[in-house]
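Contents: one structure, followed by commentary.
The values are calculated or read from the model by the stated rules, or taken from the named source; none is laboratory data. What you see is a predicted model, and the numbers here were worked out from it, not measured in a lab. Reconstructed Cβ throughout: ideal geometry from the backbone, glycine too, with neighbour counts over all protein chains shown. When the accessible area is computed, the model is the full protein with side chains, heavy atoms only, and any ligands, DNA or RNA have been set aside. Shrake-Rupley method; radii C 1.70, N 1.55, O 1.52, S 1.80 Å.
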Amino acid sequence: GYKITKFLNHARVCNPNDQNDVQKCMNRLRQFHEMHLSVDHDFDIFGQINFYENLWNGKPSIYRDYQKTKDNVLSLKSYIDAHIAEKVLTHIDAVPDNFLFVDDRIYLIDWEYSGMQDPHVDIAMFAIYALYEKEQIDRLIDAYFTEGCLEEVRTKIYCYIAICGFLWSNWCEYKRILGVEFGEYSLKQYRYAKEFYRLAKERMEND
């Protein structure tokens, strides 16, 4: 379909490699979350994982260890469920390109995936779209939680990075079947699923 919207002059998107930009975006994101808005639908991450997998129409994954990785990622659900403090309207696609800087304001655009969810999912989504490494991810978390982040919350966000990486990896595999390749982005999402599952499990065992 077509979308008609107001054009914003002199707009630019967030530069994920500019810490000043990132801090402003995390401040704006937290302000949005703290509005505690609600809608009558949610965004089911685990349901979406299966949705995209079903779109493969029986074709196997390109990754030999796909089933093991999927089982590992799904096993994180119990930890997440035990540590969700609340669900609010969450953007889901709160990536750097969807923060528009216009003069002294920051707009969040592209609400296609938005729904009720743990707001900390938005932090994970920002990180994995920006292709951040662990050090950058920890800095991003600290930019959102200016008062300091509880260790169990950081672990939960690591879980989200693994799960969301797996989700978008499945999406990339569906797009590959359609003839659209995402190269480094696709591979990085699958690596997030594996690497941050391992990091999250290590933190859980050391709690």
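Of the listed requirements (1) closer than 29 Å to Val153 by Cβ; (2) of a type in the set (S, T, N, Q); (3) touching a residue at least 12 places away in the same chain (Cβ under 8 Å), Asn50 misses just one: (3). Restricting attention to segment 28-42, which residues are touching a residue at least 12 places away in the same chain (Cβ under 8 Å) and assigned to a helix (DSSP H, G or I)? Matches in segment 28-42: Arg28, Leu29, Arg30, Phe32, His33. Every condition in (1) over 17 Å from Leu37 (Cα atoms); (2) touching a residue at least 24 places away in the same chain (Cβ under 8 Å) holds for Ile92 except the one numbered (1).
If you check Asp65, Asp97 for being closer than 21 Å to Leu199 by Cβ and open to solvent by less than 80 Å² (accessible area, probe 1.4 Å), only one passes: Asp65.
Scanning segment 85-92 finds no residues that are of a type in the set (Lys, Arg), under 30 Å from Asn206 (Cβ atoms) and open to solvent by less than 10 Å² (accessible area, probe 1.4 Å). For segment 100-139, the tally of residues that are among the polar types (S, T, N, Q) and surrounded by fewer than 18 Cβ atoms within 10 Å (Cβ to Cβ) stands at 1. Restricting attention to segment 140-178 and to residues that are open to solvent by less than 60 Å² (accessible area, probe 1.4 Å) and without any contact (Cβ under 8 Å) to a residue 24 or more places away in the chain, the residue that is farthest from Arg30 (Cα to Cα) turns out to be Lys175.
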